[in-house]
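Asks: Take a look at this one; I'll ask things after.
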Amino acid sequence: MAGLAPEGTQFDARQYDSKMNDLLSADGQEFFTSYDEVYDSFDAMGLQENLLRGIYAYGFERPSAIQQRGIVPFCKGLDVIQQAQSGTGKTATFCSGILQQLDYGVVQCQALVLAPTRELAQKIEKVMRALGDYLGVKVHACVGGTSVREDQRILQAGVHTVVGTPGRVFDMLRRQSLRPDYIKMFVLDEADEMLSRGFKDQMKFCHRSIP
Ligand SMILES: Nc1ncnc2c1ncn2[C@@H]1O[C@H](COP(=O)(O)OP(=O)(O)OP(=O)(O)O)[C@@H](O)[C@H]1O
């Protein structure tokens, strides 16, 4: 991850990596530094039938390398850090993990995904909606530059998942339009990029709001 942050920003990628390495090597902690199980088909991952239908209907036939390794540990509820080049299928990895774990009988926000840009948040929302089509997932993108009232209306009506940029999500939490009580999954997409864009305080607030 080092080297990805633009120069001159507050985020120090080397320090981040060094702290992360310390954390991963901490004694007495149950950390896996890698996850060895590889699933070379979506069928082998034990995913719900309607999620598999969504995945295949979206046009995916075989999981990419990160999907082969990343979907199952996410579904097991492990805390995971996933790093891969751009365009390798990370989005579908965490979207599948979230979709597998949602309780669709409870129309409350159970997963919160933060992304550094509006475009990325909206892209994630589309992928989540498409993959979760047969599951009836309700997902909403909370991003700046859109109507606050409309966000409030949609959140009030009920969603399973919110994907958003830190500023607008912070605002929705602060106004209590987004209720954190049922959130059990928290994803930071391009976390280094969010930190380098100065979203640290909002990210912390979102994290602290979650039970
Ligand atoms: N298993 C798959 N089979 C076929 N196409 C796939 C598969 N997984 C992802 N793709 C496609 O590959 C492209 C890149 O995937 P995706 O956007 O998830 O990657 P990413 O790693 O999240 O990229 P970025 O870091 O740029 O956001 C998308 O068009 C996506 O639909």
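Asks: Regarding region 125-142, can at least one residue be identified that is over 27 Å from Met172 (Cα atoms) and away from the ligand (no atom under 14 Å from the Cβ)? Before the answer, list the steps.
Replies: Within region 125-142, the first condition is being over 27 Å from Met172 (Cα atoms), and the residues that meet it are 134.
If we keep only those that are away from the ligand (no atom under 14 Å from the Cβ) as well, we get 134.
So far as region 125-142 goes, yes, one or more of its residues are over 27 Å from Met172 (Cα atoms) and away from the ligand (no atom under 14 Å from the Cβ).
Asks: Give Leu99, Leu51, Leu112 a once-over and let me know the one that is at pLDDT 95 or above, away from the ligand (no atom under 16 Å from the Cβ) and open to solvent by less than 20 Å² (accessible area, probe 1.4 Å).
Replies: Values: Leu99 fails: away from the ligand (no atom under 16 Å from the Cβ); Leu51 fails: away from the ligand (no atom under 16 Å from the Cβ).
One residue alone meets the criteria, Leu112.
Residue by residue, here is whether (1) of a type in the set (Asp, Glu); (2) closer than 22 Å to Ser96 by Cα holds:
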| position | (1), (2) |
| --- | --- |
| Met128 | no, yes |
| Asp133 | yes, yes |
| Gly144 | no, no |
| Gln156 | no, no |
| Leu173 | no, no |
| Tyr182 | no, yes |
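Asks: Somewhere in region 168-181, is a residue touching a helix residue (DSSP H, G or I) at 6+ places or on another chain (Cβ under 6 Å), within 16 Å of the ligand (Cβ to nearest atom), modelled with pLDDT of 95 or more and not polar (S, T, N, Q)?
Replies: Checking region 168-181: not a single residue is touching a helix residue (DSSP H, G or I) at 6+ places or on another chain (Cβ under 6 Å), within 16 Å of the ligand (Cβ to nearest atom), modelled with pLDDT of 95 or more and not polar (S, T, N, Q).
Asks: Would you mention how many residues in region 77-89 are in contact with a helix residue (DSSP H, G or I) (Cβ under 6 Å, 6 or more places away or on another chain) and within 11 Å of the ligand (Cβ to nearest atom)?
Replies: So the first thing to find is which residues in region 77-89 are in contact with a helix residue (DSSP H, G or I) (Cβ under 6 Å, 6 or more places away or on another chain), and the list is 80, 82, 84, 88-89.
Of the ones still in play, those that are also within 11 Å of the ligand (Cβ to nearest atom) are 82, 84, 88-89.
Number satisfying all stated conditions: 4.
Asks: Is at least one residue of region 122-136 farther than 25 Å from Pro73 by Cβ, hydrophobic (A, V, I, L, M, F, W, C) and open to solvent by less than 30 Å² (accessible area, probe 1.4 Å)?
Replies: So the first thing to find is which residues in region 122-136 are farther than 25 Å from Pro73 by Cβ, and the list is 122, 136.
Next cut, hydrophobic (A, V, I, L, M, F, W, C) only: none.
No, that holds for no residue.
Asks: Can you find a residue in region 67-79 that is assigned to a strand (DSSP E or B) and crowded, with 16+ Cβ neighbours inside 10 Å? Reasoning before the result, please.
Replies: We begin by selecting, within region 67-79, every residue assigned to a strand (DSSP E or B); these are none.
No: zero hits.
Asks: Could I ask something else about it? Going through region 123-148 one residue at a time, which ones are over 22 Å from Lys204 (Cα atoms), touching a strand residue (DSSP E or B) at 6+ places or on another chain (Cβ under 8 Å) and not charged (D, E, K, R)?
Replies: If the condition is that a residue be over 22 Å from Lys204 (Cα atoms), touching a strand residue (DSSP E or B) at 6+ places or on another chain (Cβ under 8 Å) and not charged (D, E, K, R), then Met128, Gly132, Val137, Val139 are the ones that fit.
Asks: On to the next question. Based on what the data block shows, is Gln83 within 19 Å of Phe186 (Cα to Cα) and either assigned to a helix (DSSP H, G or I) or at pLDDT 95 or above (or both)? Break it down stepwise before answering.
Replies: On the way: within 19 Å of Phe186 (Cα to Cα): yes; either assigned to a helix (DSSP H, G or I) or at pLDDT 95 or above (or both): no.
Answer is no for this residue.
The values are calculated or read from the model by the stated rules, or taken from the named source; none is laboratory data. In this text the structure is predicted, and so the values were computed from the model without any measurement. Don't worry about glycine lacking a Cβ; one is built from the backbone with ideal geometry, like all the others, and counts go over all protein chains shown. To get the accessible areas, we keep the full protein, side chains included, count just its heavy atoms, and leave off ligands, DNA and RNA. Shrake-Rupley method; radii C 1.70, N 1.55, O 1.52, S 1.80 Å.
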